[in-house]
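Everything on this sheet refers to the single structure shown next.
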Number of protein chains: 2
Amino acid sequence: MTDLPQLADRICYVLVRTSHPGNIGSAARAIRTMGFTRLELVSPYRFPDPEANALAAGADDVLANAGIHADLVDGLAGSSLALGLSARRRGVNLPEISPREAVQQVLAAAARGEQVALVFGNERTGLENEELARCHAMVRIPSVDDFSSLNLSQAVQVMAYELRVAMLGDESPAPPPEHDEPPADAVQMEQFYRHLAQTLDDIDFHKGREPTTIMLRLRKLFQRAQPDARELRVLHGILADAQRMAGLAKHK
Amino acid sequence: MTDLPQLADRICYVLVRTSHPGNIGSAARAIRTMGFTRLELVSPYRFPDPEANALAAGADDVLANAGIHADLVDGLAGSSLALGLSARRRGVNLPEISPREAVQQVLAAAARGEQVALVFGNERTGLENEELARCHAMVRIPSVDDFSSLNLSQAVQVMAYELRVAMLGDESPAPPPEHDEPPADAVQMEQFYRHLAQTLDDIDFHKGREPTTIMLRLRKLFQRAQPDARELRVLHGILADAQRMAGLAKHK
């Protein structure tokens, strides 16, 4: 049986392009009250900063241990499941789930020993579409339509609270593993998508059409599949052979 | 049937001896995002205050309509049920309930047409014992023992969120579809696997290895992904182009 601190250690809170250091501090306090400690910061506008420590209200250990990353792919390294918080429906082709549904997915993955990320965008602009494209689902806190935007650290608090209640609650046993190996992490998936995109070019798949839509569609498909590292090796192998054929076709 | 705004109007958030006007503003924003508007302030240290409006982030109507009271008895006028938030057990002889239990009591009373109050104490000292004595139960948000104190507006947000989720009904409906179209059927999947197997042959992927294991592995991967018909068309298109390159490579 996995204990609570072990589970909590597999769940990280990723704050992307946060403008106000005070919100980073408030988020640190919010997760700390619920038994979490892992904060990852992607391109924070100002950090470290005394205002962050002031609002952390004693959760300075969370701030001191926070990872700082240049982009979201780095911030998601090691995570097999990434869920992006978003106040609005977007033109993004992602399943939209409630916090409570999200918590079930997060805890199931964490119980299998996987690392999971909850991703929170910039205070004013939220997550960009290309950031959401790195996520497996979009979590919408059910705010009212005419005043939908929660403060960043409030959204963090709601998710951390829901996770803690579920973790304390009906400790439903770990579901059976769905993979032989854990799913590949975000860095491995990005390598695969780059290889896939390059191969589509090489075999002249696009024929003048816009590649973006197709790549988003393929990302969605493979994110649902959550390939593990061995499966990714097979896929890379197939792509490499298709590229080899394209090379032969052109240079022969 | 009582509608949501009517129910929400019967629920007030009572902030007692709040020190920081920013917290009043953040609390106003928090309840507003969840469809509530009734804020009652008991002996606020500074109010009105520009910092409250700054942090209300547009919920100025909530602040403008907030009642201001000299003591908690006045602040609770008209409420038949008062629940006090408290981080710690006290020497107070009150039932201690969880936020989710509290929400059931609140909504039951509101549905009967009663007015209900959620009472939040001072940031540093919480509710005094004589203030808790005005309440019917003590609500404890399940924070960790070694870092138990949520920011005031975070506690307000958690309660408002729990209320809204319960008001929207635990009609946890079928999770939203993850596909725009339904997944492809077995016949379509078999056509795809045949095309995939043929393509692997054509691009000389196997190089003498046994194809069966690889095909089983790929089947497992794509079964997890559950492609829909449109996604299958994209995959067929990619395979066709890889085959075309293989044909050119061989016959050129």
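The values are calculated or read from the model by the stated rules, or taken from the named source; none is laboratory data. None of the values given here were measured: they were computed from a predicted structure. Positions of Cβ are generated from backbone atoms using ideal geometry, with glycine treated the same way; all protein chains shown enter the neighbour counts.
Being out of contact with any Leu (no Cβ under 8 Å at 6 or more places or on another chain) and touching a residue at least 40 places away in the same chain (Cβ under 8 Å) holds for only one residue in A:Gly78, A:Gly35, A:Gly58, and it is A:Gly78. Out of B:Leu39, B:Leu4, B:Leu76, one residue alone is under 25 Å from A:Leu150 (Cβ atoms) and surrounded by 18 or more Cβ atoms within 10 Å (Cβ to Cβ). It is B:Leu39.
Results for (1) in contact with a strand residue (DSSP E or B) (Cβ under 6 Å, 6 or more places away or on another chain); (2) closer than 29 Å to B:Leu152 by Cβ, shown as yes or no for each residue.
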residue: A:Ala102; (1), (2): yes, yes
residue: A:Leu118; (1), (2): yes, yes
residue: A:Gly126; (1), (2): no, yes
residue: A:Ala133; (1), (2): no, no
residue: A:Leu150; (1), (2): no, yes
residue: A:Gln157; (1), (2): no, yes
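Out of the residues in the stretch B:126-146 meeting the condition of being without any contact (Cβ under 8 Å) to a residue 40 or more places away in the chain and either hydroxyl-bearing (Ser, Thr, Tyr) or over 28 Å from A:Ala166 (Cβ atoms) (or both), tell me which one is surrounded by the most Cβ atoms within 10 Å (Cβ to Cβ). If we take residues in the stretch B:126-146 being without any contact (Cβ under 8 Å) to a residue 40 or more places away in the chain and either hydroxyl-bearing (Ser, Thr, Tyr) or over 28 Å from A:Ala166 (Cβ atoms) (or both), then B:Glu128 is surrounded by the most Cβ atoms within 10 Å (Cβ to Cβ). Could we say that B:Ile68 is within 14 Å of another protein chain (Cβ to nearest Cβ), out of contact with any His (no Cβ under 6 Å at 6 or more places or on another chain) and touching a residue at least 24 places away in the same chain (Cβ under 8 Å) here? No, not satisfied.
A:Asn129 meets each of the listed conditions (1) modelled with pLDDT under 90; (2) within 29 Å of A:Leu4 (Cβ to Cβ); (3) more than 14 Å from chain B (Cβ to nearest Cβ) apart from (2). For beta carbons closer than 7 Å, sequence separation of 6+ or different chains, a first residue in the stretch A:215-226 that is within 7 Å of chain B (Cβ to nearest Cβ) and a second that is assigned to a helix (DSSP H, G or I) and among the acidic types (Asp, Glu), the qualifying pairs are A:Arg217/B:Glu231; A:Leu221/B:Glu231. Restricting attention to the stretch A:178-214, the residues that are assigned to a loop (DSSP other than H, G, I, E, B) and away from every other protein chain (no Cβ under 13 Å) add up to 4.
Taken over the stretch A:227-239, residues that are closer than 30 Å to B:His251 by Cβ and either assigned to a strand (DSSP E or B) or free of Cβ contacts under 8 Å to residues at least 24 places away in the same chain (or both) amount to 3. Taken together, the residues in the stretch A:227-252 that are more than 9 Å from chain B (Cβ to nearest Cβ) and of a type in the set (Lys, Arg) amount to 1. For the stretch A:16-51, residues that are closer than 19 Å to B:Asn23 by Cβ and away from chain B (no Cβ under 14 Å) total 1. For A:Pro95, state whether it is out of contact with any helix residue (DSSP H, G or I) (no Cβ under 6 Å at 6 or more places or on another chain) and within 12 Å of chain B (Cβ to nearest Cβ). Criteria met by A:Pro95.
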